[in-house]
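The values are calculated or read from the model by the stated rules, or taken from the named source; none is laboratory data. Quick caveat, the model's predicted, so the values are computed rather than measured. Don't worry about glycine lacking a Cβ; one is built from the backbone with ideal geometry, like all the others, and counts go over all protein chains shown.
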Amino acid sequence: MGKTKGMASEFKEFVLRGNVVDLAVGVIIGAAFQAIVNSLVKDIISPLIGVVTGGVDFSGKFVLLYEAPQGADVSTLEAAQALGPVFAYGSFITSIINFLIMALVIFLMVKAINSLHGKKQEAAPAVAKEKNCPYCLKPVDINATRCPYCTSQLDNQ
């Protein structure tokens, strides 16, 4: 029984560790973000690509991998899949477009966040915490009055 309680407390410690919670939050936000990107691709990018390519909608493009029965309706991807296997290359192209847009948006977000962090660091210059001893040139605390290496008396300037 002691082993079970030990394992339970270890599991609780693991789950409540900061990086596990951060990962869970990241996954949830990522799923919501993916829905936004999917909508962007489906509702905005794909129609624009369709206009450029003369009305082509990639999501419905497929190749039959079987011989369709005489008179069977294979005009849509769903109807063709109901009759047998199909090579749905249009869905694959749409997935690639989704991935590229997602990667671009994440890249731009990370770039913007990094530039904000860079500006914050430039705005607040770091205060020196150490100075070099003028006699032995070893680093000592900025508030030190005596060098711990050569024991020289230091002027606090």
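Of note:
- Of all residues making up the stretch 46-58, the number that are part of a loop (DSSP other than H, G, I, E, B) and touching a residue at least 24 places away in the same chain (Cβ under 8 Å): 1
- Condition met for Gly84 (surrounded by 10 or more Cβ atoms within 10 Å (Cβ to Cβ) and under 30 Å from Ala32 (Cβ atoms)): no
- Annotation note: of Asp43, Asp22, Asp57, the sole residue that is modelled with pLDDT under 80 and among the charged types (D, E, K, R) is Asp57.
- Of residues in the stretch 37-93 being under 30 Å from Met109 (Cα atoms) and of a type in the set (Asp, Glu), the one nearest to the chain's Cα centre (by Cα): Asp43
- Check on Ile28, in the same structural domain as Phe99 (by TED's automatic domain parsing), on the phi < 0 side of the Ramachandran plot, modelled with pLDDT of 80 or more and aliphatic (A, V, I, L, M): yes
- Annotation: of all residues in the stretch 59-80 being part of a helix (DSSP H, G or I) and free of Cβ contacts under 8 Å to residues at least 12 places away in the same chain, the one that is farthest from Leu48 (Cα to Cα) is Ala79.
- The one condition in (1) out of contact with any helix residue (DSSP H, G or I) (no Cβ under 7 Å at 6 or more places or on another chain); (2) at pLDDT below 90; (3) surrounded by 10 or more Cβ atoms within 10 Å (Cβ to Cβ); (4) not aliphatic (A, V, I, L, M) that Asn156 fails to fulfil: (3)
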